Amino acid sequence: MDGLFYIASAIALVSTFRAVTGSNAVHSLLYLTVSFLASAAVFYSLGAHYIAALEAIIYAGAIMVLFLFVVMMASYGPGRETEEKRVTRPGTWAGPAALAAILLFELVFVLTDRGLVPEEGRALGPKAVGIALFGPYLIGVELASVLLLVGLLGAYHIGRK
Amino acid sequence: MILVWAVVIPLLGGLAAWLSGRLGSAFPRWVSLSALALDLVLLLTLLDGGPAGSRWLAEIRIEWIPVIGAGIHLAADGLSLALALLTAFLGMAAVAASWSGIRERTGFFHLCLMSVIAGVMGAFLSLDLLLFYVFWELMLVPMFFMVAVWGREGRYRAALRFFIFTQAGSLLMLASILGLYFVHGTETGRYSFDYADLLGTPMGLATEFWLMLGFLAAFAVKLPAIPFHTWLPEAHSEAPTGGSVVLAGLLLKTGAYGMIRFLFPLFPDAAATIAPVVHVLAVVGIIYGAVLALGQTDLKRLIAYTSISHMGFVLLGIFAWEGLALNGALVLMVCHGASTGALFIIAGAVEERTHTLDIGRMGGFWSSAPKMGGAALFFALASLGLPGLGNFIGEFLVLLGSFRVNAAAAVFAALGLIASAVYSLWIIQKVFHGPAPPEAGIADIGGREAATLASMAAVLLWLGLFPGPFFERTGIGTAASMPTGSEIEREAVTGVAGRIGREKSGRPPGLARHGAGEGPEEMRGRQQGK
Amino acid sequence: MATVPAEYALGLAAVLFALGLTGVLVRRNMVYVLMSIEVMLNAAGMAFIAAGYRWAEPDGQVMFVFILSLAAAEVSVALAVIFRFFHRTGTLDVDKASSLKG
Amino acid sequence: MSIADFIAVLPILVLTIAAVAATVLAAFRTGHAFNAALAACGFVLALASLAPASKAAPRAVTALFSVDAYSLFFTGLLLGAALAVTLLSYGYNAGREGGLAEFYIVLIIGTLGAIVLASSVHFASFFLGLEILGVSLYVLIAYFLGPHANEASIKYLILAGVASSFLVFGMALVYTELGTMEFSRIAMRAGAGAGPLLFAGLAMITVAAGFKLAAAPFHMWAPDVYEGAPAPVGAFLASVSKGAVAVIILRYFLQTGSFAIGPFFTVFTAIAVASMFAGNILALFQKSVKRTLAYSSVAHIGYILVAFLAGGRPGTVAAGYYLAAYFVSIIGAFGAVALLSGKEKELDSITEYRGLAWQRPWLAGAFTAMLLSLAGMPLTAGFLGKLFVAGAGVGEDLWFLVIALVVNSAISVYYYLRIIIALFSPAYGEAAAPLPGLPLAGSVALGTLTLLLVFLGVYPAPLLSLLEKAAAVF
């Protein structure tokens, strides 16, 4: 299991990096899909099996397809790469990347403060998650459904024009 | 209840005037005038004297926001009453002055005018600091509208500047009020905005000093004292005549009133500490205003600068904090209200007829308008301090009183008097004599204007020739009416009380000797003691 | 159960988050910006999984489900708006969305 | 969950049912008046349901919600604001292109998100409420095909997306450190010893809240979005959206005592001062009324933060009063803009408002009152709000903040007066185009708001007593 974590992490990092820095939208989306699948593997290695499945189905599946759909509709083909080329120059990246790096260093510094040893305990399978979702978080689930409803309504209204 | 009505009547009158404006433009004037007349009569009934044993001629407390210790606490003593009477009186003069000048939106104009008057009236009568602040601000907004809507070309700039200057000062005062509220609350456990509670709040000199500065900022801007005066010439000259009358006659007085009623009694030591600085500012103001007045070509601007000079005398009188000077300051406030108000009315009348305020384009009006010329001469003489008129009494008492405290300041202030003689006579010379421009010849004042000016002249003459009754009934002299919050104040009061006794015996007040006026020494002694 | 330290998972989430943030700040194409936001949200979800892993509680996973519904709702509305923008202006450049000034 | 639990969260349930019912009914019956009336009914019913809910209070409903005097007060305030926005929207929307049914449904859902925030005591409900509100706002901002609507919506959704990510990541860090997401337990466990993870998490949550509140230096989006959004949505953004975030942040920080943590006090002080100055100074240079109001709302967040930092009972009461006063004034101000906007184009440039006072005296009077309240002039609610905030600040010896507040109030007078001067100056000859007729619902709403403004400015006792109860929760 540990091996899975490290390999999946490496894949997630590399593919996310390529996704964010790429200049071809379709390629980037594919990298991003890979990244999400790798994240699913990470979740699996951490014992969150249910989440791993959700990640694969919803993130890597549904959401990415939506992206792809829009990119295709906007005929975002090879001819348009040039306008994104300018932002892939190192000069453009330096400032923001430094900012993000500072944030990252802070977080890593904070994390290395002391070990966070996972507590040994029960497995967190779908059952445990389900019990939590429909127990104490019941209203939260209802609210999440409202959230999806408003997303639906909004996409419907705005997409209609 | 009279006090509540005194504030509410102008407000209701204003609303009624506004509504009646739909019926015809003549209605609002009559409605406002009668409301103010009613108010004046109501206030005059207070002259009979208040309940025995109380230092207030009338007092009323109504619950307002008990949670934070703010109430509607109105009270009048001689000082408040004198100024409240002036307010109603000058309000009527302002209505009369805008009788024919304001032709558009008369209803709304009178609503604004009456709201300003209600605000001023409330400020003179409130004894709750929060309520005082509310009234203090209440006069601001309608005054802003009066300048911005009915003013002359530069009105927006003038209105904005007036509002922002005064508002900045007021906010500092609000911060100080809150500071005082909490200092008092933590000290005594009783949180209150009431003047009576807050008097004599124990606090360190540093705290007292900072809190005092907040009040001083608001009052000095309103007065105005140098260097916070820059809003005044613009606002006065851009405002419509009625607005100028209210502004010069009443709004400036609220600053002086605030100093007498709140600043000194609440922060006696701090006020004594800063007094020498203020003396200098006052003297600079007196001379600066007079000198700049000489250089003006705009009639209203000129009068505005003379106001700065006169208010310098008031400031000097107050910060001398000495019986004679204080009473001088009060007389001067009332007289300045009447004389400057009258000069603005005359300026307005000239403007109405010639459509200009440029002195260079005036001259020789005496031949065509002798009555107006005579009136102008009278008020100009009053303004320069001709003996026999009220302003003289005021200035003389201020100089006499402040001489004991700060001789140098008094001497320099007296120099200002010379300048004021020059500019006053210069106005008359330029406008009413001198070479007449080609289109010379203006209509003389009509009956309405004559009546207004005559009543104002009567006030000046009365105060100049028989000030006794005034001091007896009103003024800072009625010892019983003074708050006893500070030793200094009591010192000043006993001084005046002694003088008043002699005055009743028929001697001119200016020549009366001061009884026990060692107030300032006492102040210094206290300071050194700390 | 796995023996991966929780901070490793959290560290991974932090790196992904930083990558996403860089993307938002640098990219001018709206699709990329939106993708980067998805990366950030996913990273935050991963942090919750790591936290839940640390405490052996399902709450982290529950939060992930909520984050997932947000991601879905947000992306659907956002893509609709972006699509409409593209139709009107013919571009996906964020900098072109700058008629509002002041 | 027991029956009592359901009764306690009745407002939330009522709004959920209203949203679902409106969605379903939209399939059968369309018609602008019907949709708007449905939404208004939903809000009125939710307001009415506060009565039974308050009988059940105080009560913790699952770990996610706490229904207490605090949450009930702010739920009522938010619902009232939403009702006012609905009435103002009705006139504004009438005759516009595109289906209008979704507008009101999304408005209901957005308000639902806001009231979830008002009673939430858990990260999960905090997050969900915020996001329901956020996604609703994306939709509302982009609802009409205005010239700037898309752009405004894109700006908002990018920044809000980043903010959400920060929020969730910060929550995850706090959860990693403390193992709980309930505010009350966070308070307990954080007291035992705050680790660096907790700091990092709180910092990220603060950044996210700063974005949502449009506090400086996270305010850059506000003017563009307010200008691009339809005027009633601007009112909703400035009041309900901002207010709900302020309410939960206040609760979070009061309950977890995070203000007391040294650096956070400094950080919030800096944010407060920066917001006041940035908002007021930038507002001085605006030519658009909506942008001016946007910057003014940035400044108002700065004022509210002064009350937060004062903390304790006086601080909570002051923040509540200020929020209520600010709600009334800002909804009224945007409402006046909404009522004056025609079908084609919003009345936005300050010069377009010239002479309005003579054409539309009542409306201009109401608008003036709102602006004076925002400026903090006495006899309006804004004055007492500012007074209580300054009082809370002075009471805690936060002199630096109080002086900043005073200085900024003086600066702010200028730009409010500029609009007022425009209203009362003579109109440009013939340029004054005929104004659209005033819609009844909106006029009633604006009139009520004006009366409320004066009432709150003159007689604060009833509201104060409610707030005292609300503040007693902590």
Among the residues of segment B:186-205, which ones are small (Gly, Ala, Ser) and farther than 26 Å from B:LEU138 by Cβ? B:GLY189, B:GLY200, B:GLY204
Failed condition for B:TYR133, given (1) at the interface with another protein chain (Cβ under 8 Å from one of its Cβ atoms); (2) open to solvent by 10 Å² or more (accessible area, probe 1.4 Å); (3) hydroxyl-bearing (Ser, Thr, Tyr): (2)
Give me the pairs, please: first residue somewhere in segment D:401-422 and at the interface with another protein chain (Cβ under 7 Å from one of its Cβ atoms), second residue anywhere and aromatic (Phe, Trp, Tyr), beta-carbon distance under 7 Å, and either six or more positions apart or on two chains. D:VAL413/B:PHE163; D:LEU417/B:PHE163; D:ILE421/B:TYR156
Output for segment B:303-327, where each listed residue is within 17 Å of B:ARG261 (Cβ to Cβ) and part of a helix (DSSP H, G or I): B:MET311, B:VAL314, B:LEU315, B:GLY317, B:ILE318, B:PHE319, B:ALA320, B:GLY323, B:ALA325, B:LEU326, B:ASN327
For C:GLY45, the lone unmet condition from (1) more than 7 Å from chain A (Cβ to nearest Cβ); (2) small (Gly, Ala, Ser); (3) open to solvent by 10 Å² or more (accessible area, probe 1.4 Å) is (3)
All positions within segment C:1-19 that are open to solvent by less than 20 Å² (accessible area, probe 1.4 Å), part of a helix (DSSP H, G or I) and facing chain A (nearest Cβ under 7 Å): C:ALA6, C:ALA9, C:LEU10, C:GLY11, C:LEU12, C:ALA14, C:LEU16, C:ALA18
Among (1) under 30 Å from A:GLY159 (Cα atoms); (2) out of contact with any Lys or Arg (no Cβ under 7 Å at 6 or more places or on another chain); (3) at the interface with chain C (Cβ under 10 Å from one of its Cβ atoms); (4) in contact (Cβ under 8 Å) with a residue 40 or more places away in the chain, there is one condition A:ASN24 misses while meeting the rest; what is its number? (3)
Residues of segment B:257-278 being open to solvent by less than 10 Å² (accessible area, probe 1.4 Å) and of a type outside the set (A, V, I, L, M), which ones? B:TYR257, B:GLY258, B:ARG261, B:PHE262, B:PHE264, B:PRO265, B:PHE267
Quick check: is even one residue across segment B:182-201 more than 23 Å from D:GLY393 (Cβ to Cβ) and in contact with a Gly (Cβ under 8 Å, 6 or more places away or on another chain)? yes
I'm trying to understand the selection: among the residues of segment A:126-151, which are under 21 Å from A:ALA53 (Cα atoms), facing chain C (nearest Cβ under 9 Å) and not in a helix (DSSP H, G or I)? A:TYR137
Selected residue (criterion: most open to solvent (accessible area, probe 1.4 Å)) from residues of segment B:9-25 that are without any contact (Cβ under 8 Å) to a residue 24 or more places away in the chain and outside any helix (DSSP H, G or I): B:LEU23
Of the conditions (1) among the polar types (S, T, N, Q); (2) at the interface with chain A (Cβ under 7 Å from one of its Cβ atoms); (3) surrounded by fewer than 21 Cβ atoms within 10 Å (Cβ to Cβ), C:SER76 clears all except one; give me its number. (3)
Looking at B:PHE124, B:PHE209, which is the one that is open to solvent by less than 40 Å² (accessible area, probe 1.4 Å) and part of a helix (DSSP H, G or I)? B:PHE124
Kindly provide the set of residues from segment B:389-414 that are touching a residue at least 60 places away in the same chain (Cβ under 8 Å) and farther than 25 Å from B:PRO467 by Cα, ordered by number. B:ASN406, B:ALA409, B:PHE412
Name the one entry in D:ALA56, D:ALA82 that is in contact with a strand residue (DSSP E or B) (Cβ under 9 Å, 6 or more places away or on another chain) and of a type in the set (A, V, I, L, M). D:ALA56
Any idea how many residues of segment A:48-62 are touching a residue at least 12 places away in the same chain (Cβ under 8 Å), part of a helix (DSSP H, G or I) and open to solvent by less than 50 Å² (accessible area, probe 1.4 Å)? 7
Inspect segment C:84-98 for any residue being part of a helix (DSSP H, G or I) and facing chain A (nearest Cβ under 7 Å) and give the result as yes or no. yes
D:LEU83 being open to solvent by 10 Å² or more (accessible area, probe 1.4 Å) and more than 17 Å from D:SER241 (Cβ to Cβ): no
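Okay, residues lined up against (1) at pLDDT 90 or above; (2) more than 10 Å from chain D (Cβ to nearest Cβ):
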residue: B:MET121; (1), (2): yes, yes
residue: B:LEU125; (1), (2): yes, yes
residue: B:ILE164; (1), (2): no, no
residue: B:TYR181; (1), (2): yes, no
residue: B:GLU187; (1), (2): no, yes
residue: B:ASP194; (1), (2): no, yes
residue: B:ASP197; (1), (2): no, yes
residue: B:MET203; (1), (2): no, yes
residue: B:GLY214; (1), (2): yes, no
Residues D:PRO11, D:PRO58: which one is buried (at least 24 other Cβ atoms within 10 Å of the Cβ), closer than 23 Å to A:TYR137 by Cβ and touching a residue at least 12 places away in the same chain (Cβ under 8 Å)? D:PRO11
Within segment D:61-68, does at least one residue satisfy the condition of being more than 14 Å from chain A (Cβ to nearest Cβ), in a loop (DSSP other than H, G, I, E, B) and modelled with pLDDT of 90 or more? yes
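Conditions tested, residue by residue: (1) at pLDDT below 90; (2) under 23 Å from B:GLU137 (Cα atoms); (3) more than 14 Å from every other protein chain (Cβ to nearest Cβ); (4) out of contact with any Cys (no Cβ under 6 Å at 6 or more places or on another chain).
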residue: D:ALA427; (1), (2), (3), (4): yes, no, no, yes
residue: D:GLU430; (1), (2), (3), (4): yes, no, yes, yes
residue: D:LEU438; (1), (2), (3), (4): yes, no, yes, yes
residue: D:GLY447; (1), (2), (3), (4): no, no, yes, yes
residue: D:THR450; (1), (2), (3), (4): no, yes, yes, yes
residue: D:VAL454; (1), (2), (3), (4): no, yes, no, yes
residue: D:PHE474; (1), (2), (3), (4): yes, no, yes, yes
Limited to segment D:139-196, what total is found for residues that are buried (at least 24 other Cβ atoms within 10 Å of the Cβ) and not in a helix (DSSP H, G or I)? 3
Being of a type in the set (Phe, Trp, Tyr), in contact with a Ser or Thr (Cβ under 6 Å, 6 or more places away or on another chain) and in a helix (DSSP H, G or I) narrows it down to one of A:PHE69, A:PHE5, A:PHE43, so name that one. A:PHE5
Which helices (runs of 4 or more DSSP H) sit wholly inside segment B:365-450 and have at least 3 residues that are of a type in the set (Ser, Thr, Tyr)? B:407-432
Condition check: more than 30 Å from D:ARG96 (Cα to Cα) and within 14 Å of chain C (Cβ to nearest Cβ). Does D:PHE285 satisfy that? yes
Please state which one of C:ALA47, C:ALA78, C:ALA14 is of a type in the set (Gly, Ala, Ser), in contact (Cβ under 8 Å) with a residue 24 or more places away in the chain and under 23 Å from A:ASN24 (Cβ atoms). C:ALA78
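The values are calculated or read from the model by the stated rules, or taken from the named source; none is laboratory data. This structure is a prediction, so every number in the text was calculated from the model and none was measured. Glycine gets a Cβ as well: all are built from the backbone with ideal geometry, and neighbour counts include every protein chain shown. What goes into the accessible areas is simple: the full protein's heavy atoms, side chains included, and nothing from ligands, DNA or RNA. Shrake-Rupley method; radii C 1.70, N 1.55, O 1.52, S 1.80 Å.
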